[in-house]
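The values are calculated or read from the model by the stated rules, or taken from the named source; none is laboratory data. Remember, it's a predicted structure, so these values are computed and weren't measured experimentally. With ideal geometry, Cβ positions are generated from the backbone for all residues, glycine too; neighbour counts draw on all protein chains shown.
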Amino acid sequence: NEDVYVLGIETSCDETAAAVVKNGRAILSNVVASQMESHRRFGGVVPEIASRHHVEQITLVIEEAMQQAKVSFTDLQAIAVTAGPGLVGALLVGVNAAKALAFAHGIPLVGVHHIAGHIYANQLVSEMKFPLLALVVSGGHTELVYMEEHVKFKVIGETRDDAAGEAYDKVARALGLPYPGGPHIDRLAQEGEPTIDLPRAWLEEGSYDFSFSGLKSAVLNTLHRAKQRGEEIDPKQMAASFQASVVEVLTTKTLQAAKQYRVRQVLLAGGVAANRGLRTALGERMRQELPGVELVIPPLSLCTDNAAMIAAAGTMLYWQGRRSDLALNADPSLPL
Ligand code: KG4
Ligand code: ZN
C-alpha cells in the first residue's frame, strides 16, 4: 500500500516535458518547455530543430520537474517515457535520457505509447469508467480508441490522411493565418456562418476512419477559384464552413461508436480538444442522444502534449507489471 511516484518524460514532437505524478492521479509537477516560437516561421514543426531543442532542454526540464515535486530519484518507483509514435530524433532524446537515469539510479523503466498518454490524462482529472471511448485529435493524431479495461486499447478508427489539427493548420495557412492555425480558425468560425458548401468524408458505411485531405482540397480549390474570378471570400464564412464539416464528422462518428460499443464514458483529448465548436457540439449531442454517458474533457494543459499524462499511463502500466529494458528504442510508428 505504498505510494507510487513516477517521473514521466515526453519529447515526441515539439514540447520538451517532464512531470512527477503520485499514484497515477496526483500531479506533483508538470513542466513543459514549448518550442513553438522556433517553428512558427517555418509554418510547422521542423524535425531537426525539434531534436536540437530537446537536447538543450531535457536535463533542465527534468531537474525542474524533480525540484518542483520535491522528490529525489530514490523516491521514484519508475521512469515512464514516450517511446512512440512521433518524430524519431525527438523521441530518442527522451528515451535516452530516461534510460540513462533508470540505469544510473536503478529505477524500473516503462515505455509508453503517446496516445495511451493522451487517454490517461483523463485519470488526472476524473476516474476512468469502462468501457470507454476516447477521441484523440491533435496536430499529429486523429484516433478513436475503445477501451474495455485498463491498458487494453483497441483503435477502432483513425485518419487515412491528414490529422484533424493538421487540416486546421493547412486551411489556416491558406487563409493567411499564423501557425498553428487551429485557434485562429476556431475564433473566426465563432464570428461567421457556415454558408459555403464543403464535403463531409463519411467513408464506407460503418467505418470509424477519418479523412480530411478532401475537405482541405475543397477549401483550397474554393479559395483559388474565387481568386481567379476576382471574388472575395469572407475568411469568417470559410472558417465556419470548414469547422462545421470537421465537427460534424468527428461528433457523428464518435456518437455512433459510443452507441455501438455501449460505453460509459467518452473522453476528448489532444490539442484540437480546445476547439470550441467541437466541445459544444459533442457536449450537446451527447446530452441529447446519450444522456447517461459521461463526457470528460481534461483542462487544455492536459489535452496538449505534456509529461503528466505519460507518467499517469506509465504508472498504470507499472502496476500491470510492464517493464522496458535498456534496449528500449524510439519507434516513430509504434502501434498502440
Ligand atoms: O496536442 P497538440 O498541442 O500537439 C500535437 O499535435 O501533438 O495539438 C496541436 C494542434 C495544432 O494542429 C493546432 O492547430 C490544434 O491542435 N488546435 C486547434 C485549436 N487549438 C489547437 N484546432 C482547432 N481549434 C482549436 N481551438
Ligand atoms: Zn500528442
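Take residue 55 and decide whether it is assigned to a helix (DSSP H, G or I) and not assigned by TED's automatic domain parsing to the domain that holds residue 138.
Criteria met by residue 55.
Can you go through 6, 32, 45, 21 and tell me which one is within 16 Å of ligand 2 (Cβ to nearest atom), assigned to a strand (DSSP E or B) and of a type in the set (Val, Ile, Thr)?
Going through 6, 32, 45, 21 in turn, just one is within 16 Å of ligand 2 (Cβ to nearest atom), assigned to a strand (DSSP E or B) and of a type in the set (Val, Ile, Thr): 32.
Just to be sure I understand, how many residues within segment 181-197 are crowded, with 19+ Cβ neighbours inside 10 Å and away from ligand 1 (no atom under 16 Å from the Cβ)?
Count: 1.
Just for segment 262-310: of the residues that are away from ligand 1 (no atom under 14 Å from the Cβ) and part of a helix (DSSP H, G or I), which one is nearest to residue 58 (Cα to Cα)?
283
Name the helices (runs of 4 or more DSSP H) wholly inside segment 122-235 in which the number of residues that are modelled with pLDDT of 95 or more, within 16 Å of ligand 2 (Cβ to nearest atom) and not β-branched (Val, Ile, Thr) is 1 or more.
Result: 164-174, 182-191.
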